[in-house]
1. Given H placed on each backbone N at 1.01 Å, which residues far from A:THR79 in sequence or on other chains put an amide H within less than 5 Å of it?
2. Can you run phi through the Karplus equation (6.51, -1.76, 1.60; θ = phi - 60°) for the range A:41-49 and list ³J(HN,Hα) in whole Hz, with x for Gly and Pro?
3. Over the Cα atoms of the range A:89-137, how large are the radius of gyration and the largest Cα-Cα distance (Dmax), in Å?
4. Return the calculated 222 nm mean residue ellipticity for chain B, to the nearest 500 deg cm²/dmol, obtained by summing -39500 (n - 2.57) across DSSP H runs with n ≥ 4 and dividing by the residue count.
5. Summing Lys, Arg as +1 and Asp, Glu as -1, what charge do residues with Cβ under 15 Å from the Cβ of B:ALA131 carry, B:ALA131 excluded?
6. Counting only GluC sites (Glu not before Pro) that are in a DSSP loop and have at most 10 other C-beta atoms within 10 Å, tell me the longest site-free stretch of chain A.
7. Among the listed pairs B:LYS109/B:LYS221; A:LYS41/B:LYS223; B:LYS41/B:LYS214, which are separated by more than 29 Å between their Cα atoms?
8. Based on the Cβ-Cβ distance from A:HIS156 to B:LYS190, what FRET efficiency comes out when R0 is 45 Å, to the nearest 0.05?
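A short reminder: the numbers here are calculations on the coordinates, not readings from a lab. Note that the coordinates shown come from a computational prediction; the quantities given were computed from them, not determined experimentally. Because the Cβ atoms are built from the backbone with ideal geometry, glycine has one as well, and the counts that use them run over all protein chains shown.
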Amino acid sequence: MNSDQQAHDALKNRLAEAATSEFRGQARAVVPAEQILEALKFLRNERGFDLLIDITCVDYLRYRGAADRFGLVYLLANTQTNERLTVRTFLNEPEPSVPSMTPLWEGANWMEREVWDMFGIHFEGHPDLRRILLPEEFAAFPLRKDYPLQGRGERHNFPVLTREGA
Amino acid sequence: MPLAPVETLDLAHDEPQDYLWTLNFGPQHPATHTTLRLVLKLDGERVIDAIPDIGYLHSGFEKIGEHLNYNQYVTITDRMNYISPMSNNVAWHGAVEALLGLELTPRCKYIRVLIAELSRISDHLLCNGAAGLDTGAFTYFLYAFYQREVIYDIFETLCGARFTNSYTRVGGLMYDVTPLVIEKTRAFCKNFPKTLHDMERLLNRNKIFVDRTKGVGVLTKEKALNRSCSGPVARGSGVTRDLRKDEPYLAYKDFDFQVCCSRAGDCYARYLVRMQEMWESLKIVEQAIENLPPGPVDVGIDQRTAFPDKRMVYSTIEGTISHFELQMSNRGFEVPHEEIYFATEAPNGELGFYIVGDGTETAYRARCRPPSFIHFAVFPHLIRGHTLSDIVAVLGSLNIIAAELDR
């Protein structure tokens, strides 16, 4: 048995037992960040979770009982059996980084760009990791919990165009 | 006849492409309908590449969701997909109730189904009407918009607002249905089929429209799944997923309706799926209005989420306490320290909310899964190789709403 196969079996056991939980009928699994690509590949190819519903992120900065800073959430669905699965992975500063899912699902492209834009999580191997909703020169990650609702004065730095100068 | 896409064109980076022409489409263009921008690379009339540039309407809705409480945030969801706000209301409070573990009353479920389906009709009317308008069928658009006014009128009678309804509440609704609403809905069910037949006769076999949409913007089933498409866009490509049938939420189990699909995957198929879905929605509306269960619309006072009836507040001690606790800012209802995802079949596709609760009245994180955002990512793939004038046909068939796209 080669090492790939062993890792695979380990993952299978992991997804079957250890880190899974359930809340109001929704199955959830927690996977370490270094195994996330492998785990989702396994779920997609062998468990039939062929639809990536969404990728999103939660900043647990002031969340009661949270040990890690960021929780990355992958929502998967199986279009044949209509099962759903939420896969989560936890990341920490200073440089939160995780492999990109674009090799598995092309739809992950914009979802990951949005997470990068809002939370500053780097996706390794992403073909086009640019800001998507905010302007290119924006310096902060606004959905992080240490970013204030009012902003940090970014609006004041926008250039003012007058009728004469335009 | 539409031209076949150029798949063989080699875009090597070292080759100089001086003959290509760059064109800015939007953000203020009458055919985009909303504020979105495309940077196009053109070879004559042919689109070689399209680079979407979005965010012009970004208003930080998800950040606001972390500062408004569960009942207040429904006003923000109105402004996401503003052509069917009732669907967003239903999705948001469905997610909140899933987090709280609330079971709604049968009457509330039926009314929510009713408003969700009416707003689906209204959304599809605008989407198909605008698709017709962009491809030269102005009369068709007016036929569609007249019926949208009728639906606005029903909503106004129901909750006082035409456009931004904010009709749902945690555990219930703003008001119960009045006899006048039932009367107006019955009248709509009676008159709408005539318009829908007229619309089908106007465009389904119209040579100009069919030539502009058939074979344009083809999305295969594999691509639709790979790119996370949902709703009419996916069903137009042969994906049979419809959450109303596959994961029956609210009271959809009780209703008799069909899931509409097509295999072609082009703009015309998406148009037809939407047309057919209006017939099915009309069937659901008729069933909902005739079988409306009696009883209260809000959950009882034991759940402590919806305000009790005024008579109860003034005459019983439970009612008084319940009202007082909900009114006080430091009491409110109990929210678990948990996370949940709840999705509904909105007119545009799967609209879901991922909510993290932290025990307070305000969500810790309120993520919206917007179907427009997912579908607009597919757009460059659909338009490559087609002509400049096909852009409006493809945009119209995807039904991109910038407010939902940028949030």
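1. A:ASP50, A:LEU51
2. Couplings: 4, 4, 5, 6, 7, 10, 9, x, 7 Hz.
3. 10.5, 30
4. Here the helix-only value at 222 nm equals -14500 deg cm²/dmol.
5. -2
6. That would be A:1-135.
7. B:LYS109/B:LYS221
8. Given R0 = 45 Å and the Cβ-Cβ separation, E is 0.20.
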